[in-house]
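These notes are about the structure you will find just below.
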Amino acid sequence: MTSMTLEQEIKDRALALGFDAVGITDASPIADDDIARLNAWLRTGRAGQMGYMHRNVEKRIDPAALLKGAQSVIVVALSYKPDGSAATEQDPQKTAAVAQYAWYEDYHDFMKPLLFELADFIGERTGRRDRFKVCVDSVPLAERALAVRAGLGAIGTNHMLIHPTLGPQVFLGELVTTAALKPDGPCRWTAQCATCGRCIRACPTGALQADGEFDAQRCISYLTIEHQGDIPAELATKMSERVFGCDACVLACPHQHDAPVCPPARLRPCPNNIRLDMEEILGLTAESFESRFAGSPIRRAGLATLQRNVRICMANARDRTYGATNASFSEQGRS
């Protein structure tokens, strides 16, 4: 009888903790092509006001720069695809849309303890004094490139990691460690994006471009969360009723349509955050904002930014109503 390898034990433990997929790669720097693309993107200013993207670039491209002596990176994925039914219960005239990942508790707070548990398991299993670094998005690490190298999927034209089964709606987390583990091979599956282009056509602002480039300065997720100050009118009108984030490119992806719905018990849902009552948001104070969005990704935007977004959504709603009314009058005039 063949005994189970340490790598398989780690994967089984990760799945038992609640992750939906797991892969292992080494802690070497990401590929030269990926580094060149990142540097070119930063150099052309397409990161906008995200100054943090320019900091710690050496750590972002090299896991060993995050943890001295690192040998391996364990990459986990967690699906968050909802069934979407709750969103239809909200009044679209009084509420504004929120990106689906923020329909749940903050995934950082959810995933980090699980990764620490996984690190404890590895330490107990090996009996060695290996060191670990838990990474969930906010740590500078090129996690999508590492996920591909760990065999978890491919990068789509929408610049998201697309898992062959779970689709593009996945949270990623990493456990960088000094433990020497046998790496998985890179993912050989391809998303067939070259013959699709649905995400490009779905992007309201043209942030996704046909040549594969991505301009964050035009992305609604960037504009509603990261961008400080006024949003250019040409882009504000294309935000429609989106108040926090944007799912357009993800929801247009054929792989998202085929992916299974996330089990409701996996992440704690926040029904009040599926769509936000716009009048409520305008009435919040700094204190009530902190209370209202404690434990939610929406807290990241801050009160001033969220209220700015609401005012834009309200203006867009008025314009749509005015346009529909004028169209109705025009039709009556022809009859």
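The values are calculated or read from the model by the stated rules, or taken from the named source; none is laboratory data. The model shown is predicted, which means the values in this text are computed figures rather than measured ones. A quick note on method: Cβ atoms are made from the backbone with ideal geometry, for glycine too, and the neighbour counts reach across all protein chains shown.
Restricting attention to region 216-234, report how many residues are more than 13 Å from Cys249 (Cβ to Cβ) and either among the acidic types (Asp, Glu) or touching a strand residue (DSSP E or B) at 6+ places or on another chain (Cβ under 8 Å) (or both).
Filtering region 216-234 down to residues more than 13 Å from Cys249 (Cβ to Cβ) leaves 217, 223-234.
Then drop every residue that is not either among the acidic types (Asp, Glu) or touching a strand residue (DSSP E or B) at 6+ places or on another chain (Cβ under 8 Å) (or both), which leaves 224-226, 230, 234.
So the answer is 5.
Six or more apart or on different chains, Cβ atoms under 6 Å: show the pairs whose first residue is in region 295-317 and farther than 12 Å from Ser240 by Cβ and whose second is assigned to a helix (DSSP H, G or I) and among the aromatic types (Phe, Trp, Tyr).
Partner pairs satisfying both residue conditions: Leu303/Phe289.
I'm told Cys253 meets every condition in (1) surrounded by fewer than 22 Cβ atoms within 10 Å (Cβ to Cβ); (2) modelled with pLDDT of 95 or more; (3) in contact with a Gly (Cβ under 8 Å, 6 or more places away or on another chain) except one. Can you identify the failing condition by its number?
(1)
Restricting attention to region 211-226, which residues are surrounded by 21 or more Cβ atoms within 10 Å (Cβ to Cβ) and either of a type outside the set (Phe, Trp, Tyr) or without any contact (Cβ under 8 Å) to a residue 40 or more places away in the chain (or both)?
Answer for region 211-226, where residues must be surrounded by 21 or more Cβ atoms within 10 Å (Cβ to Cβ) and either of a type outside the set (Phe, Trp, Tyr) or without any contact (Cβ under 8 Å) to a residue 40 or more places away in the chain (or both): Arg218, Cys219, Ile220, Leu223, Thr224, Ile225.
Can you tell me which of Leu114, Leu15 is touching a residue at least 12 places away in the same chain (Cβ under 8 Å), hydrophobic (A, V, I, L, M, F, W, C) and either in contact with a Phe, Trp or Tyr (Cβ under 8 Å, 6 or more places away or on another chain) or assigned to a helix (DSSP H, G or I) (or both)?
The conditions single out Leu114.
Check region 253-265 and report whether any residue there is within 26 Å of Pro204 (Cα to Cα), under 18 Å from the mean Cα position of the chain (by Cα) and among the aliphatic types (A, V, I, L, M).
The answer is yes, given that some residue of region 253-265 is within 26 Å of Pro204 (Cα to Cα), under 18 Å from the mean Cα position of the chain (by Cα) and among the aliphatic types (A, V, I, L, M).
So which of Asp109, Asp12 is within 20 Å of the chain's Cα centre (by Cα), surrounded by fewer than 15 Cβ atoms within 10 Å (Cβ to Cβ) and under 30 Å from Glu124 (Cα atoms)?
Every option except Asp109 fails the conditions.
Could you please give the count of residues in region 25-40 that are among the hydrophobic types (A, V, I, L, M, F, W, C) and assigned to a helix (DSSP H, G or I)?
Final tally of qualifying residues: 4.
Using beta carbons and a limit of 7 Å, which pairs, at least six apart or on different chains, have the first residue in region 231-257 and more than 16 Å from His163 (Cβ to Cβ) and the second one at pLDDT below 95?
Glu241/Pro92; Glu241/Ala317
So which residues in region 41-54 are farther than 16 Å from Ala145 by Cβ and either within 20 Å of the chain's Cα centre (by Cα) or not in a loop (DSSP other than H, G, I, E, B) (or both), if there are any at all?
Within region 41-54, the subset farther than 16 Å from Ala145 by Cβ is 43-52, 54.
Correct list: Arg43, Arg46, Ala47, Gly48, Gln49, Met50, Gly51, Tyr52, His54.
Let's see how each residue does on (1) at pLDDT 95 or above; (2) polar (S, T, N, Q):
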| position | (1), (2) |
| --- | --- |
| Ser288 | yes, yes |
| Ala294 | yes, no |
| Arg311 | yes, no |
| Met314 | yes, no |
| Thr321 | no, yes |
| Ala327 | no, no |
| Glu331 | no, no |
| Ser335 | no, yes |
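Of the residues Gly127, Gly156, Gly173, Gly167, which single one is on the phi > 0 side of the Ramachandran plot and crowded, with 20+ Cβ neighbours inside 10 Å? Spell out how you get there, then give the answer.
Details: Gly127 fails: crowded, with 20+ Cβ neighbours inside 10 Å; Gly156 fails: on the phi > 0 side of the Ramachandran plot; Gly173 fails: on the phi > 0 side of the Ramachandran plot.
Going through Gly127, Gly156, Gly173, Gly167 in turn, the sole match is Gly167.
In region 231-243, which residue that is under 27 Å from Cys196 (Cα atoms) and within 20 Å of the chain's Cα centre (by Cα) is surrounded by the fewest Cβ atoms within 10 Å (Cβ to Cβ)?
In this case the residue turns out to be Glu241.
Checking the structure you have, find out if any residue of region 69-87 is under 18 Å from the mean Cα position of the chain (by Cα), over 29 Å from Gln307 (Cα atoms), crowded, with 16+ Cβ neighbours inside 10 Å and of a type in the set (Ser, Thr, Tyr).
Yes, there is a match, as at least one residue in region 69-87 is under 18 Å from the mean Cα position of the chain (by Cα), over 29 Å from Gln307 (Cα atoms), crowded, with 16+ Cβ neighbours inside 10 Å and of a type in the set (Ser, Thr, Tyr).
Going by the conditions given, is Gly185 closer than 23 Å to Pro63 by Cβ, without any contact (Cβ under 8 Å) to a residue 12 or more places away in the chain and of a type in the set (Gly, Ala, Ser)?
Judged against the criteria, Gly185 is not a match.
Any residue in region 118-131 that is more than 27 Å from Val57 (Cβ to Cβ), acidic (Asp, Glu) and modelled with pLDDT of 95 or more?
Yes, region 118-131 contains a residue that is more than 27 Å from Val57 (Cβ to Cβ), acidic (Asp, Glu) and modelled with pLDDT of 95 or more.
Results for (1) of a type in the set (Val, Ile, Thr); (2) closer than 24 Å to Tyr104 by Cα; (3) within 13 Å of the chain's Cα centre (by Cα); (4) at pLDDT below 95, shown as yes or no for each residue.
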| residue | (1), (2), (3), (4) |
| --- | --- |
| Leu161 | no, yes, yes, no |
| Pro164 | no, yes, no, no |
| Ala180 | no, no, no, no |
| Cys187 | no, no, no, yes |
| Ala191 | no, no, no, yes |
| Ala210 | no, no, no, yes |
| Ile225 | yes, yes, yes, no |
| Gly229 | no, no, no, no |
